[in-house]
Amino acid sequence: MPLHRRSLLAITPALAAALSFGRLSHAYSRPAPMDEIRLWPGYAPGGEGVTVTPEVVERSTDPDYNDRIAKHTRDPLLTVVRPVQSNGVSMLLIPGGGYRWAVVDKEGMDCARVFAVMGYTCYVLRYRLPADGWAAGPDAPLQDAQRALRLVRAHAATEGRSADRTVVLGASAGGHLAGLLGARSDATYAAVDAADQHSHRPDALILLYPVATLTDPYAHSGSRRELLGESASPDQIAAYSLEQMDWSGAAPTFLLHAMDDTAVPVENALMLSATLRQAGVPVEVHLFEEGGHGFGIRLIEGRPAAVWPDLVRAWLGRRGL
């Protein structure tokens, strides 16, 4: 059932603002052409053994909104959604997809439009997938995320925004990738140009229903399988479990999860929040009674979690972002 202006106005002030600014003239209508930025000046690194064919699949049967997924990406990119009036802050959005594909709209373009209305210059990442034969294996998506964040900072500097006012929002498996971006201080690829002089760690981190642990019984088994394969060792699993990583010096982090999430159990956020607190990382956690998994913006009409964009805006605002 398509959403209409009246129902959207009931969701959250953030969406009401989006409508009032004319950014969503009809609920989740197809976007106008946006700027796109290729991540790598040539081929993405380590692709000599990659033979997959890229594909973008439209899952929606409703002409009022898109629900695309990107499979087997070989030329990762950023799609830029610009605000009418910039607040000087850049936002990198990393959608989910269980590392099997990367969502384009639900946790990408839909969220970007809302945050662009708030003044954020938004960049939606379409990243490579770890099981497609890249030499870096499970680090291939992280290579793209690190490169993307550096490019966002470089573009901010040339467009009059401060490079050190850059936040990252990740959802589900994209939350796991964003978490790796926040926790890991090591560079995963050799510098290719001047953009790589910028930091690859966020200034603030927002994780929506994130895949955090890869250990049973709370792991999202599909994400673990796509990232590490069917027979990952305990050491590999531990190395990519966010709650077992060293978060010292990481950016302030915002966690949001629904208690009734049956795909990625809420324990993922709880375990990670405990690790963050122990590491001395400022953390704010919001748990909602209902909302399920993967709700993004469009799927939370009338649910408690519908307020999440405004909670994020308030949290960022307290940090000057």
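Values quoted throughout were computed directly from the atomic coordinates according to the rules given, and no laboratory measurement underlies them. Owing to the predicted nature of the structure, the values given are computational and were not obtained by experimental measurement. Here the Cβ positions follow ideal geometry from the backbone for every residue, glycine too, while neighbour counts run over all protein chains shown.
Whole-Å semi-axes of the chain's equivalent ellipsoid, largest first, each the root of 5 times a Cα gyration tensor eigenvalue?
On the way: eigenvalues 143, 101, 85 Å².
Rounded to whole Å, the semi-axes are 27, 23, 21.
What is the pair-distance distribution P(r) of segment 81-124, computed from all Cα-Cα distances in 5 Å bins starting at 0, with each bin given as a whole percent?
6, 28, 29, 17, 11, 6, 3, 0
Can you compute the FRET efficiency between Ala238 and Ala157 using 1/(1 + (r/R0)^6), with r the Cβ-Cβ distance and R0 = 45 Å? Round to the nearest 0.05.
Details: r = 37 Å, r/R0 = 0.82.
Plugging the Cβ-Cβ distance into 1/(1 + (r/R0)^6) gives 0.75.
Would you please put 285-295, 139-149 in order of how densely packed they are, using the mean number of other Cβ atoms within 10 angstrom per residue and starting with the highest? Walk me through the intermediate numbers first.
On the way: 285-295: 18.1, 139-149: 26.5.
The packing order, highest mean first, is 139-149, 285-295.
Along the charge dipole of the chain, Cβ charges K/R +1 and D/E -1, which of Leu227, Leu180, Ala136 sits furthest on the positive end?
Towards the positive end, the residue furthest out is Leu180.
Neighbour counts of other C-beta atoms within 10 Å: give me Asp110, Asp164 arranged from fewest to most. Numbers along the way, then the final one.
Working: Asp110 24, Asp164 12.
In increasing order of surrounding Cβ atoms, one gets Asp164, Asp110.
Sort out for me the Cα centre separation of segment 79-140 from segment 283-321, rounded to whole Å.
So the separation of the two Cα centres works out to 17 Å.
Give me the dipole magnitude in Debye, nearest 20, for segment 5-318 about the Cα centre, with unit charges on the beta carbon: positive for Lys and Arg, negative for Asp and Glu. Numbers along the way, then the final one.
Values: 29 positive and 35 negative charges, 177 e Å.
Roughly 860 debye, rounded to the nearest 20.
Going by C-beta contacts inside 10 Å, put Tyr99, Tyr209 in order with the fewest on the left. Let's see the in-between values first.
Numbers: Tyr99 27, Tyr209 30.
Neighbour counts put them in this order, fewest first: Tyr99, Tyr209.
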